[in-house]
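Visitor: Pasting in a structure now, in structure tokens, and then I'll have a few things to ask.
Taken together, the values in this text are just the output of simple stated rules run on the coordinates, not laboratory data. None of the values given here were measured: they were computed from a predicted structure. Methodologically, a virtual Cβ is constructed for each residue, glycine included, from the backbone with ideal geometry; neighbour enumeration extends over all protein chains shown.
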Amino acid sequence: MNKDSQKIKELENKKFTKREQNIFFGICIVGMFVLSIMFSAQILSGTIALLVLIIFVPLSIWGIKALVGLDPLIRQKTRNETLKAMVKEASKNAIEQLENNLIDKDKAIEKARKTRTKLRVK
């Protein structure tokens, strides 16, 4: 214990030169400057994120409500565009369209026959 107290007293009585004090002070200033830049960058990014959140949440809610309100109109327009494309394709390739229509009907009839056969067997 006596050695420890003696070391403490030696450190208390030690004098620091102006050069050592200036170097220590400069290191502290640079360290505080770096820390303040780091903290301010985090505060700034958090503030920007909060502002973006405040702006985009109401806009998103409004957009979703608008889309839900316009959903029947959007579906109708989509069906209309699909029908226009089908009519355009059918008018360009009438023969192929009729052949595909016959193939689809044959498949539907065959499926109905198989289903009817299964029902009669049970």
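Visitor: Taking the chain as a Gaussian network, Cα atoms linked when under 10 Å apart, which of Ala94, Ala41, Ala108 shows the biggest mean-square fluctuation?
Guide: Ala108
Visitor: Test of understanding: in a Gaussian network model of the chain with alpha carbons linked when under 10 Å, which of Val34, Val68, Val57 would top the mean-square fluctuation ranking?
Guide: Val34
Visitor: Could you check which residue among Leu53, Leu102, Leu11 shows the biggest mean-square fluctuation in a GNM of the chain with a 10 Å Cα cutoff?
Guide: Leu11
Visitor: With +1 on each Lys and Arg Cβ and -1 on each Asp and Glu Cβ, and nothing else charged, work out how big the dipole of the range 2-121 is about its Cα centre, in Debye to the nearest 20. Walk me through the intermediate numbers first.
Guide: On the way: 22 positive and 12 negative charges, 110 e Å.
Computed about the Cα centre, the dipole is about 520 debye.
Visitor: Each residue of the range 77-89 in turn: what ³J(HN,Hα) in whole Hz from Karplus with 6.51, -1.76, 1.60 and θ = phi - 60°, glycine and Pro shown as x?
Guide: 5, 5, 4, 4, 5, 5, 5, 4, 5, 5, 5, 4, 5
Visitor: Just tell me which lysines come within less than 29 Å, Cα to Cα, of Lys114; anything on the same chain fewer than 8 places away is out.
Guide: Cα-Cα hits under 29 Å: Lys105, Lys122.
Visitor: Could you tell me which of Leu67, Gly26, Ile8 has its Cα farthest along the dipole of the range 2-121 towards the positive end, charges placed at Cβ (Lys, Arg +1; Asp, Glu -1), taken about the Cα centre?
Guide: With unit charges placed on the Cβ atoms, the residue in question is Leu67.
Visitor: Could you work out how far the C-alpha centroid of the range 61-122 sits from that of the range 1-17, in angstrom?
Guide: Rounded to whole Å, the Cα centres lie 94 Å apart.
Visitor: Ok, one more. Hey, what number do you get for the chain at 222 nm if only DSSP H runs of n ≥ 4 count, each worth -39500 (n - 2.57), divided across all residues, to the nearest 500?
Guide: Details: 3 runs with 115 residues, N = 122.
It lands at -34500 deg cm²/dmol.
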